[in-house]
1. Once you list every other residue whose beta carbon is under 13 Å from the beta carbon of B:ALA19, what net charge do they have if Lys and Arg are +1 and Asp and Glu are -1?
2. Taking the 0 to 90 degree range and rounding to the nearest ten, how far is the long axis of helix B:75-95 tilted relative to the main principal axis of chain B, both from C-alpha atoms?
3. In nm², what is the average projected area of the convex hull enclosing the Cα atoms of chain B?
4. I need the phi-derived Karplus couplings for the stretch B:417-422: 6.51 cos²θ - 1.76 cosθ + 1.60, θ = phi - 60°, integer Hz, Gly and Pro marked x.
5. Under a 5 Å amide H to amide H cut-off, with H placed in plane at 1.01 Å, what residues pair with A:CYS143 once short-range neighbours are removed?
6. Could you go through the stretch B:125-141 in sequence order and give the Karplus-derived ³J(HN,Hα) for each residue, using 6.51 cos²θ - 1.76 cosθ + 1.60 with θ = phi - 60°, rounded to whole Hz, and x for Gly and Pro?
7. Simple spin-label model, 7 Å along Cα-to-Cβ: B:GLU59 to B:THR419 in nm?
8. Excluding B:ASP296 itself, what net charge comes from residues whose Cβ is under 11 Å from its Cβ, given Lys and Arg +1 and Asp and Glu -1?
Amino acid sequence: MRLALIINRFDPQTDNQPYDREYTVDWEQHETVLDLLLKTRREDPSLAFRRSCRSSICGSCAMVIADRSRLACHTLVREVAGDGGSLTIKPLPGFRQLKDLVVEMDPFFDALKRVLPWVIIVPQHNGLVSPEDSERIEPPATCILCGVCDAEVRQSGSVTPAALVKTVRLAVDPRDALGTERMKITGLTEEGLQTFRELLASVCPKGIKLPPVTLE
Amino acid sequence: MIVHDMVIVGGGLTGLMAAVQAPPGADVAIISKVYPTRSHSGAAQGGFNAAIGEDDSVEDHLFDTVKGGDYLGDQDAIEVLCSEGPDVIRQLEQMGVPWSRTPDGRPAQRALGGAGFPRACYAADISGHVVLHTLYERALAAGVRIYPEWRLVELLVEDDALAGLLVYDLATGRLEVVRCRVALLATGGYGRIFRKTTNAHANTGDGTAIAYRAGAVLSDMEFVQFHPTTLYGTNILISEAARGEGGYLFNADGERFMARYAPQKMELAPRDVVSRSIFQEIKEGRGLGDGYVNLDLTHLGADKITRQLPQVNELALLYAAVDPTQTPIPIEPAQHYSMGGIRVNLDCETNIPGLLAAGETANVSVHGANRLGGNSLLETVVFGRRAGKHLVKAADRPSPPPRSSLELALARWQAIFCTGKPPQPGDDSTSAIRDAMSRTMTDKVGVFRTGEELREAVEEIAALRRRYRALRVPPGEHPFNYELIEHLELGCLLELSEVTAGAAYRRTESRGAHYRMDYPRRDDANWLHHTLVRRGGDGPVYEAGPVSITRFQPQKRGY
């Protein structure tokens with residue numbers, strides 16, 4: 001099968017504005033959008049996009065595919081190729097386009113740093129964690145920091161979406177000295193948190209379902 | 001020019017673990033060609049071996065590792081690995097790693113291949129991921145300076161000692177000189193020399209190849225691990241945890257064929273044994289389709305699969321359109337791990353003063369001729385920690401200023417760019433050479449090797465290197481110039497392909513993952529030694545290096 005891949009391109013050294021460039025690529029049933037991008041780069045080595053693991057764990061290849069932010073390696077072509085045989089790819093919204101599909105990630109990681117994103121260990125903690133607590137920590141600890149939630153979710157609180165996921169992951173960890181105190185800095189109401197929980201589950205490539213957490 | 005006391009190249013498990021060892025206020029920086037959380041350590045699924053179980057012992061872990069490596073591993077290094085394991089797991093616990101837990105709250109452990117005990121501490125099947133992110137958190141807490149998307153270009157060596165690094169900043173497209181007192185290479189493996197590999201696109205062995213060019217000794221490059229269970233076609237990893245949790249392997253006749261090859265350990269024999277067995281079944285006509293076998297998890301039940309193996313479940317559903325709770329997963333072996341690397345001592349020192357290496361980049365050698373599942377993650381944190389501590393000690397030395405080494409490096413840099421017209425369609429290309437290289441390596445330097453095919457591989461790689469030297473890339477300081485990056489990476493891959501094929505051709509015996517059909521037996525009389533290789537003027541120069549044998553004399557290896 002063949003489709004028209006329309007990629008938003010921008011080279012800060014030569015272009016005043018981003019523009020769309022169309023490529024024609026062959027594809028097969030099992031292929032991902034990342035496979036198409038890799039084929040395209042063979043034909044046009046100047047095309048810039050990030051990629052590494054190709055198995056939905058490194059979080060490098062977040063971009064807008066068919067009007068939604070997703071991971072290219074986590075998206076099968078057959079699920080997004082329109083009837084007209086074309087597919088549009090753009091950089092992640094809300095992030096500055098640096099070149100083609102490469103966006104600025106530093107503000108994303110800086111926002112994460114603001115929530116003290118590490119376990120502040122309770123002094124002399126014995127290292128025991130119940131399986132129930134462990135199961136609550138696991139879903140938010142699955143986060144790969146890809147940026148899709150920051151691009152897709154506009155939420156009411158004072159921390160960015162991925163930083164909120166990290167905050168919840170730490171707040172439910174019994175080894176953390178701050179624990180649920182951490183939720184105060186989010187500025188969220190129960191309702192706001194529930195709305196975020198639902199939005200996150202619908203956009204997150206890892207399908208993260210946030211566990212219940214007390215807002216104090 | 002950028003100046004730091006200590007520079008770590010690579011932000012995966014080894015690099016991050018090393019970085020967080022520095023005392024408060026220490027001047028340590030990480031240079032990584034990807035953001036640290038993108039590192040391939042995060043794709044590791046199974047777990048971290050450590051003898052923390054009440055019925056387990058360091059002694060047993062040591063023996064399993066020595067035997068698993070077919071007696072080529074250095075037993076003094078394996079002793080360090082196994083005896084420091086329990087303490088490093090406790091340290092990771094205090095850092096906040098979210099392990100899966102036993103009912104009484106301790107880190108849960110599962111069985112992986114070649115182990116006599118359920119020894120791998122895990123977090124579902126995202127063990128590497130959770131520890132990578134925890135160590136990244138610790139690095140942020142410690143204020144480690146991180147240079148993301150900076151790629152090492154050359155090591156600057158003056159009078160045989162490290163003087164600094166030449167690095168390329170992807171975002172600006174500019175070269176920078178980084179001066180340091182001591183540097184650690186933690187750049188991971190080089191699986192991308194093979195067409196069929198579980199490794200990420202980034203795993204191009206940059207640190208290993210660049211150190212080799214700078215005069216570092218590599219060792220045991222012929223020992224390449226092929227993981228038995230990768231998704232047929234895409235070679236995406238399906239964790240050994242799938243067999244550790246009870247998965248079976250079946251051939252086309254519905255037989256659990258491992259009974260023929262490893263009647264005691266069955267599916268949990270070491271990876272070299274299982275991979276050979278799968279290919280033997282396929283060769284003898286008992287494979288399915290165009291050449292795969294089935295990994296069957298259906299009898300484990302949906303609850304266990306989604307709880308213990310959520311990623312395996314997701315990967316099979318997405319990339320193979322198979323629901324593992326209902327249908328067996330089609331799998332084939334593919335390159336997974338590089339046992340060889342930069343030769344280092346127990347303090348992670350290379351033969352170049354001021355240059356350290358650890359993790360998959362290095363060869364210390366704890367894995368010998370075949371690595372056991374769960375031991376590479378352990379190696380990253382045990383030797384990452386040792387390297388980090390030794391960096392601090394080694395940083396008291398002044399380093400020589402880079403002079404002639406920098407001039408030479410800059411001249412080599414200029415020489416890769418075209419001065420006339422840019423490459424035209426139809427010209428030779430990075431991707432054409434890379435395809436040919438990776439096909440040669442998979443076809444001729446794979447699980448079953450012969451002298452004739454290895455010789456052909458050596459010649460083919462040499463021809464590809466000549467083609468590579470004639471390639472030129474467009475000049476200019478472009479941001480995110482992946483064309484240039486892929487060109488540089490291919491140079492590293494070719495360098496490592498040459499020594500992998502060359503070392504495999506030289507070793508006329510079968511040991512661990514290196515299986516020669518023309519020399520099917522282990523030959524301790526002639527080959528119980530490491531293969532050391534240096535880069536000479538006319539190509540690789542090989543020699544033998546002694547193996548440390550302290551407690552376990554070589555015995556017949558059966559499972």
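What follows draws every value from the coordinates through simple rules; no lab data is involved. Just so it is clear, the model here is predicted, and its values are computed rather than measured. Neighbour counts are summed over all protein chains in view; Cβ atoms, including those assigned to glycine, are modelled from backbone coordinates with ideal geometry.
1. +1
2. On a 0 to 90 degree scale, this one is about 90.
3. With every direction weighted equally, the projected area is 24.5 nm².
4. 9, 7, 9, x, 6, x
5. none
6. Here the 3J(HN,Hα) series is 10, 10, 5, x, 4, 5, 6, 4, 5, 5, 5, 4, 4, 5, 5, 5, 4 Hz.
7. Result: 6.9 nm between the two label points.
8. Summing Lys and Arg as +1 and Asp and Glu as -1 gives +1.
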